[in-house]
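Trainee: Can you keep this structure in mind? I'll have questions shortly.
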C-alpha cells in the first residue's frame, strides 16, 4: 500500500498500562504515538534537497536494499547495479562472507586508529604486497584519499629521486577527470560544478587534453 507524501504519518492510540506502588489496580493510559509509513521516492528526493548540501547530482532513484548484482528502490522496483558504487562493491551487495567478517570484527574491536598496532592490519598489508609484488602498501579509506596520497607520493619521488628543485614539481592530469571533491581533486578538475567558487587552487597542477595521451 502506497502513501502520498502529504499523508506519511499516522497517529494511533496506544494503550499503556502503568503500575504504581501506591495504586492497587493497574490503569490504562491512552497515549499518542507517531508511526511512520512507507516513504516514497519523491519524499526522499525532497528531504535530501531540503537538508543536504547540493554538491552532487544523483540519479532520481531512491535505493533501499541490495543483494548481489541487484538493487531495489523504496517502491520495490528492481535494478541491475552496473555502477557498483564506482567499483567499491564489485563483489556484490551484502556478500555473506564480507557481512559475517564485518559483524565478527564489530563484535570484537571497532577502531584503533594508527596510534596503536592491531592484530589484523599487518596481515592485510602482507597479503596485498605479496599479491601485487609490492614492497609496501598504505591503505586508505576512500578513493579520493588514495588520489591525494598518490599526489604526495609523486611529489616526494620527484624531489627525492629525480632531483626536482624544491616546490617546482608539477603533476599532469587529463581533462575531464573526476576523482573526488577535496581541494586537490577539484584543482585538477575541468568541471565548473566541481571547482567554481573554491579557489585559489593547488599549485603545480597541469591539465592537458586527454587526446594528447592517445597512442
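Any read-out appearing in this document is the output of simple, stated calculations on the displayed coordinates, not a laboratory observation. The structure presented is a predicted model; accordingly, all values stated were derived computationally and were not measured. Ideal geometry is used to build each Cβ from the backbone, glycine not excepted, and the neighbour counts take in all protein chains shown.
Trainee: Relative contact order for segment 60-108 using alpha-carbon pairs under 8 Å, separation at least 6, rounded to a whole percent?
Mentor: 29
Trainee: Counting other C-beta atoms within 10 Å, which of 161, 99 has the fewest, and how do the rest follow? Numbers along the way, then the final one.
Mentor: Details: 161 8, 99 11.
Ranking 161, 99 by Cβ neighbours within 10 Å, fewest first, gives 161, 99.
Trainee: Please rank 40, 84, 189, fewest neighbouring Cβ atoms within 10 Å first, as an exposure proxy. Let's see the in-between values first.
Mentor: Details: 40 18, 84 13, 189 24.
The fewest-first ordering by Cβ neighbours comes to 84, 40, 189.
Trainee: Among 111, 71, what is the fewest-to-most ranking by other Cβ atoms within 10 Å?
Mentor: Working: 111 7, 71 19.
With the fewest neighbours first, 111, 71 line up as 111, 71.
Trainee: Using Cα pairs closer than 8 Å and at least 6 residues apart in sequence, work out the relative contact order for segment 33-160, in percent.
Mentor: 12
Trainee: What number, in percent, do you get for the relative contact order of segment 142-214 if the mean sequence gap of Cα pairs under 8 Å and at least 6 apart is divided by its residue count? Provide the component values of the computation, followed by the final result.
Mentor: On the way: 76 pairs, mean separation 23.4, N = 73.
Computed over segment 142-214, the figure is 32 percent.
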